[in-house]
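A short write-up of the structure that comes next.
Only the coordinates and a few stated rules stand behind these numbers; no lab work does. What you are looking at is a predicted structure, and each value in this text was computed from that prediction instead of being measured. Note: ideal-geometry Cβ built from the backbone for every residue, glycine included; neighbour counts use all protein chains shown.
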């Protein structure tokens, strides 16, 4: 049955009002689709000034929160300062809820006085009580479980004060507790199903059931809000890593996204203040590399969320410094991936002219664009100049970014500026010494610093598949005090491959870590390779060393697999949501 029927005249009139009715072609509208998709939101609504946000959903929702923070916006969801066990990262990951019904349970318990007791979430298994609204590994004795449940649930009360509520849904496969009438945040354990065989059910939702999930969440928010929020419905692009259906997981996940997409858009037609946020389209209409993580292909990237939120801010607020900042970060990162370096520089500089906020994120992406566009002197100028504007920890981060570039490409005046900063801000002597020697140790050609024939002989050994000898000779070169960056960059790939071909994976990981630690902006391919190796081979010491460098890695890869491996090596089940 059609949900809308128009006369021919009405259909033509409707189309004539839509300036985006034409799908992008080879020439017209191409920039809306290539090199990455940029669908536009159409709305007549507007966020209030100083709007506060609340985001419910899986790890895509957490990326949305990070994007809001980059734009200088405040959000009320996912606090990290609760009195709960685990690290700040573990606490943050507990908000990665894959189905909206579980988030709605929490919202109802937090803001609706008529809702059943949140203790319904606790399930007795032996001497412990499992909280399957959080995770099956979150198990404690009864009074502790109740206290943790109450504390966790308070974090959802902020939704009543949010001016903008973003509700993200994803899959159509959900586990249901028939005893309590609650959907669960994951599959019950074998022990749980054995002790109560008829209690748990696996549900596969159709479009109507997906609509009901959205409507239930909307109605609870509207009935208990203290403001008049705009509610945005989104379909998370994050895929479930495991499905229970009979089809290929690729097909099952596409079906799930399709059902949720139709449901969300159907529901939006019934509410004046509820609209659709096209996060799914930003991902699925783009080349994979612009939206998904290479090392964790079911997860979307932070860059994807940055572009979605920038579009949202533009359409609901108009141009603002926060919008220009976030839009530039998202666009520049993607344009660098597309090898459109000059365009990336132009986008960043247009944002600066429009009043973009100064931030370390912006500094990083702008300087990277300048470096890739071979405007190295300008990159050094920008970062050294930013030292006077940055504050607190940001100043130290800018210093590290600047040092990495200025050592190789800066002027003596810029080097002197960094040395003065280092001496007055407690920077370690080693970094100061590197700056003092920067001019003298500027990269030379391989022929100048290391006999070209030696490099040629190493390449010959490698091509002959004599990996043991290759590794030995490169190790000798790397120990030389006059080894240059050019030589390191030439030989490092051969060393890593030689280690891996001789099953010296520990050495490969240590070498990659050395490379990442000595560079403020390490190459993404080294980060990706290191995390891939570590996910199956690293010991706790290596994992801890990697996690201590996560500020260089979070925007490149997802480190949750390493956290799970660390917990497993410790003999503990990882405390994170399985699906997220």
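Tabulated data for the structure shown
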| read-out | value |
| --- | --- |
| Cβ-derived FRET efficiency at R0 30 Å, residue 201 paired with residue 154, nearest 0.05 | 0.50 |
| Tail weight of P(r) past 26 Å, computed on alpha-carbon pairs of region 131-262, percent | 35 percent |
| Cβ-Cβ FRET estimate between residue 33 and residue 262, R0 fixed at 25 Å, reported to 0.05 | 0.65 |
| Rule-of-thumb Rg ratio for region 88-133 [Cα; 2.2 N^0.38 Å; N residues] | 1.29 |
| Stokes-Einstein diffusion coefficient of region 446-569, Kirkwood radius over Cα pairs, 10 °C, 1.306 mPa s, in µm²/s | 104 µm²/s |
| Equivalent ellipsoid, the chain (semi-axes from 5 times Cα gyration tensor eigenvalues, Å) | 45, 31, 24 |
| Label point distance in nm, residue 505-residue 80, each placed 7 Å from Cα along Cα→Cβ | 3.0 nm |
| Gain on full stretching of the segment that runs from residue 439 to residue 342 - 0.36 nm per residue minus C-alpha separation | 32.1 nm |
| Ranked by how many other beta carbons lie within 10 Å on average, peptides 195-204, 397-406, 133-142, 372-381 from highest | 397-406, 133-142, 372-381, 195-204 |
| Contact order normalised by residue count of region 14-85, Cα under 8 Å, 6+ apart, percent | 21 percent |
| Spacing of the two label points (7 Å from each Cα toward its C-beta) at residue 568 and residue 142, in nm | 3.6 nm |
| At q = 0.08, 0.11, 0.13 Å⁻¹, base-10 log of I(q)/I(0) for region 48-318 (Debye sum, equal scatterers on each alpha carbon) | -0.31, -0.60, -0.85 |
| Three-way shape label, region 307-375, alpha-carbon gyration tensor, a/c 1.5 | prolate |
| Sites residue 469 and residue 431, calculated FRET efficiency, Cβ-Cβ separation with R0 30 Å, nearest 0.05 | 0.30 |
